[in-house]
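The values are calculated or read from the model by the stated rules, or taken from the named source; none is laboratory data. In this text the structure is predicted, and so the values were computed from the model without any measurement. Cβ placement follows ideal geometry from the backbone for every residue including glycine, while neighbour counts extend to all protein chains displayed. All accessible areas refer to the heavy atoms of the entire protein, side chains included, with ligands and DNA or RNA removed. Shrake-Rupley method; radii C 1.70, N 1.55, O 1.52, S 1.80 Å.
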Amino acid sequence: MPLSEIFLLAVATATCPRSRSPSPSPSRLPRTGSDLQPGAAIVIRVNQIGYLPEASKVAVACALEPRPVADFRVVDAGDRTVFGPRPATATGPFGPCVATYRLDFSAVRLPGVYRVLAGGAISLPVRVAGDVYRGAADSLLAYLREQRSGYNPVFRDSVHQKSDGVLVDHPTRSGEFIPVSGGWADASDYLQYGATTAHATTMLLLAYRDHPGAFRDGYQASGLPGANGIPDVLDEARWGLEWLLKMYPEDDLLLNQVGDDRDHAFWDLPVNDSSDYGWGRGGRRPVYPCTGKPQGLFDYKNRSTGLASTAGKYAAAFALGARVLGRRDAAFARRLAERARAAYALGAAHPGVCQTAPARAPYFYEEEDWADDMELAAVELYALTREPGYLGAALEYAALEPVSPWMGQDTARHYQWYPWHNNGHYEIWREGPDSARRIVAEYYGRGLAAVARRADNGFRVGIPFIWCSNNLLASFATQAQFYRRMTGDSSYLEYENAALDWLLGTNPWGVSMIIGLGTTYPRTPHSVVAQQLGLQLSGGLVDGPVYRSIFQNLRGIRLVEPDEYAPFNTGFIVYHDDVGDYSTNEPIMDGTANLAYVLGALGSP
Ligand SMILES: [Ca+2]
Ligand SMILES: [Ca+2]
C-alpha cells in the first residue's frame with residue numbers, strides 16, 4: 001500500500017516538525033532518462049536483458065508522429081547487417097505511439113550483441129545468449145532483504161523489533177501486546193499485511209520447488225552477506241513463514257496487518273520510523289485481527305465479510321512450506337503442517353474476505369475473492385497429507401472461480417481479485433487425477449484467451465492498466481507458462497513473451513520495470529530508503545503504468561522533477577520515473593516476489 005498521503009502531509013502542510021520534504025537530489029543519482037533525441041519521431045523498444053537463442057524475439061517500433069516504417073534490419077557489434085531488411089508489421093496506434101510496428105527477428109539465434117534499426121532509429125544493444133535470464137530471479141531477493149522488518153540487513157539494525165504490536169479492534173482483547181516483529185514492509189511505507197506476505201512467501205517457495213537451479217546461496221538467514229548452505233530464496237521464504245506463524249498465534253486468532261496508514265505522516269527511514277499510533281512517536285504499532293466484519297478505526301471502513309481469503313493464503317504457505325522445507329528442518333515442517341490444518345479449518349468455517357484495514361485515507365486492498373485462496377490451501381494440504389477430502393474440496397473451490405475475474409476486463413478495484421493468478425489450478429494439475437487436470441487447464445485457457453482478445457495492439461498487452469498493472473503482466477506470464485506446461489499448447493506464447501518483454505523494456509517508455517535489471521530502469525522510485533540514503537535499490541518491481549484517470553485522481557501525487565518521459569505520457573496510460581509518483585513508480589514487495597517464479601523458470605540452467 002503506497003504512501004498515499006505522504007505528500008499532502010509532508011509537503012502541503014508544515015505541521016509535522018520531523019517531516020521531510022520528499023524533494024530528491026537528482027544530481028546525486030545516476031539518470032539515464034529518455035533516449036528520445038530532439039526531433040526524433042521513432043523509438044525502437046526491446047527486452048533489455050535480452051533473448052534466449054531459441055526464443056521468439058520481437059522489437060516494437062513506436063512512432064510519435066505519422067511516419068511509415070517499411071522495413072528493419074539487425075546489425076551485429078561490428079555494424080554488419082546480420083538480418084534483413086525485412087518488412088515491419090504495422091500494428092496500429094497505442095498510447096503515445098501514433099503507429100507501432102512489430103519487428104520480428106526470431107531468426108537471429110547466434111549468441112551475440114545486436115541492434116535493431118528501423119525508420120532512422122536504433123535500439124539499445126540486444127543480447128542473445130543462453131544465460132540472459134541467469135541470476136534475474138535471484139536479483140529480486142535483494143529488494144526483499146531491503147524490506148525486512150524486525151532485523152534489517154541493509155541497515156544492520158532493528159526495525160520495529162520492540163514495537164510490534166498492540167492488538168486493536170478485538171472484541172475482548174484490545175490493548176494486549178502480541179509479538180509480531182518480522183516479515184517485510186509491504187512497499188515504501190512500513191505497513192505489513194498477512195495476505196500479501198503469504199502470497200509472496202508462496203511464490204518464493206513455488207519458484208524454488210520448480211526451478212531450484214535458478215537460485216544461488218550468497219546470504220545468511222539474517223540477510224547479511226555470506227553463504228549458509230541454504231539457497232537465498234529459501235532463506236527469504238522462511239523469513240516470511242516465521243512472521244506468518246507469529247501472525248497466526250492461536251487457532252482462533254488470525255492476524256491481518258501491522259500498522260495502518262497513519263504511517264504515512266512521516267517520510268522516515270524504517271530504522272527511525274516516527275509514526276505515532278497513540279503510544280508516542282516511534283512507539284508501538286497496532287496489529288489488527290481478521291474479524292470477518294468491516295474494519296477501520298476511523299471514518300473509513302473496508303468491506304470484510306469473513307476470514308477465508310487470508311486463512312487460505314496462510315494455510316497454503318504453511319502447507320507448501322512444510323513440503324519444501326521438510327527435508328531441511330523436520331521440526332519446523334511439523335509446526336507448519338499443524339498450523340496449515342488449523343488455518344484451513346478456520347477459513348472453511350468463516351467463508352468470505354478479510355480485507356486490509358484503512359485508517360485516515362480511503363485506500364485498502366479491496367480483495368473480493370476467497371475461493372481461489374481456499375482452493376490453493378486445500379490442494380497444498382492434499383499434497384502434504386494425501387487425505388482425499390482436501391482434494392475434493394480443492395476441486396469444489398476451483399469451480400467457484402475458474403477464471404481470475406480481472407482477466408478480460410477494462411478495470412478493477414485495487415487488489416479486487418488477488419492473487420492476480422490462481423496457483424491452485426496448477427497445483428491441482430500436479431496432484432490431481434486426469435479428469436481434474438483437464439478441467440483446470442481449460443480454466444487457465446479461458447483466462448488467457450480473455451486477455452489475448454484485448455491484446456490487439458503493437459505491444460500485445462491485454463491487461464487493464466489499473467494500479468499495479470505490472471503485477472497483472474507478471475501473473476499473466478506465469479499463468480501462460482503454467483498452461484503451456486500443462487497442455488503443450490503454445491497458443492498464448494506470443495502474449496506471454498510480450499508480457500515479460502514489456503516488464504523488461506518493450507513498452508512505450510523503454511523502461512525496464514525492475515530496478516537494476518536492464519539498461520534503463522527506475523532511478524528515482526517512490527522510496528524513502530533510496531531517496532534519503534541516495535542509494536539505488538535493486539530488485540524491486542515497480543507498480544507500472546496506469547490509466548491517466550487513475551494518476552490524476554489519486555490523492556497527494558506531486559511530480560517533483562521534470563518528466564524525462566513527457567513525450568511518452570501523451571496517451572491513455574502514463575508512467576513517471578519520479579519519487580513523487582506512488583501510482584506508477586513505487587516498488588512493491590508482493591509484486592516483486594510474484595515475479596520470482598517466471599524469471600526463475602527462464603533462468604534455470
Ligand atoms: Ca543462503
Ligand atoms: Ca483471493
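Solvent-accessible surface of segment 310-379, taken per residue with a 1.4 Å probe and all protein chains present: 30 Å². Highest mean packing comes first when the peptides 486-498, 503-515, 547-559 are listed by Cβ atoms within 10 Å, giving 503-515, 486-498, 547-559.
Based on C-alpha pairs under 8 angstrom that are at least 6 apart in sequence, the chain has a relative contact order of 18 percent.
With the convex hull drawn over the C-alpha atoms of segment 497-605, the volume per residue is 112 Å³.
Starting from a Cα-only point model with no solvent, please compute log10 I(q)/I(0) by Debye for segment 130-244 at q = 0.19 1/Å. Once normalised to I(0) and log-transformed, intensities are -1.00. Ordering Tyr582, Tyr219 by accessible surface, largest first, gives Tyr219, Tyr582; the 1.4 Å probe counts only protein heavy atoms, with every chain in place. With the helix formula -39500 (n - 2.57) applied to DSSP H stretches of n ≥ 4, the chain reaches a computed 222 nm mean residue ellipticity of -10500 deg cm²/dmol.
Rounded, prolate or oblate, given the Cα gyration tensor of segment 211-260, with a/c below 1.5 counting as rounded?
On the way: a/c = 3.05, a/b = 2.41, b/c = 1.27.
Prolate, since a/c reaches 1.5 and a/b exceeds b/c.
Relative to the compact-globule estimate of 2.2 N^0.38 Å, the Cα radius of gyration of segment 49-168 comes out at 1.63.
How would Arg262, Arg327 rank on accessible area, largest to smallest, probe 1.4 Å?
Arg327, Arg262
Largest first, how would Asp138, Asp79 line up by accessible area (1.4 Å probe)?
On the way: Asp138 20, Asp79 115 Å².
Per-residue accessible area, sorted high to low, gives Asp79, Asp138.
For Val82, the residues whose amide H sits under 5 Å from its own are Val74, Val75, Asp76, ignoring neighbours fewer than 5 places away on the same chain, with H placed 1.01 Å from N. Rounded to the nearest 10 degrees, the inclination of helix 308-325 to the longest alpha-carbon principal axis of the chain is 80 degrees.
Please report the antiparallel percentage of the DSSP beta bridges confined to segment 39-185, to the nearest 5.
Of the beta bridges lying entirely in segment 39-185, close to 95 percent run antiparallel.
Annotation: peptides 56-62, 560-566, ranked by per-residue average of other Cβ atoms within 10 Å with the highest first, follow the order 56-62, 560-566. When only alpha carbons are used to place a centre, segment 231-267 and segment 187-219 end up 13 Å from one another. Taking amide hydrogens as placed 1.01 Å from N in the peptide plane, the amide H of Thr91 sits under 5 Å from those of Thr100, Tyr101, Arg102, each at least 5 positions away in sequence or on another chain. The alpha carbon gyration tensor of segment 322-448 gives principal lengths a ≥ b ≥ c with a/c of 1.5 or higher and a/b no greater than b/c, which makes the shape oblate. Note that the chain shows a convex hull volume over its alpha carbon atoms of 139 Å³ per residue. Rolling a 1.4 Å probe over the protein chains gives Tyr133 an accessible area of about 10 Å².
Please label the shape of segment 222-311 as rounded, prolate or oblate, based on the square roots a ≥ b ≥ c of the eigenvalues of the alpha-carbon gyration tensor (a/c under 1.5 means rounded; beyond that, a/b larger than b/c means prolate, else oblate). Write down the numbers at each step before the final one.
Working: a/c = 2.66, a/b = 1.26, b/c = 2.11.
Oblate is the answer for segment 222-311, as a/c is 1.5 or above yet b/c matches or exceeds a/b.
Of the whole protein surface, Tyr151 contributes about 60 Å² of accessible area at a 1.4 Å probe radius.
Backbone geometry of segment 165-178 corresponds, through the Karplus equation with coefficients 6.51, -1.76 and 1.60 at θ = phi - 60°, to 3J(HN,Hα) couplings of x, 9, 5, 10, 6, 10, x, 10, 10, 3, x, 6, 7, 10 Hz, x marking Gly and Pro.
For helix 434-453, what angle does its Cα long axis make with the longest principal axis of the chain, in degrees from 0 to 90 and rounded to 10? Long axis of 434-453 versus the principal axis of the chain: about 50 degrees. The H on the amide N of Tyr219, modeled in the peptide plane, is under 5 Å from the matching H of Gly226, Asn228, Asp232, each at least 5 residues off or on a different chain. Compute the acute angle (0 to 90°) between the alpha-carbon long axis of helix 330-349 and the principal axis of greatest extent of the alpha-carbon atoms of the chain; round to the nearest 10°. Once rounded, one gets 90 degrees. Rolling a 1.4 Å probe over the protein heavy atoms leaves Thr570 with an accessible area of roughly 90 Å².
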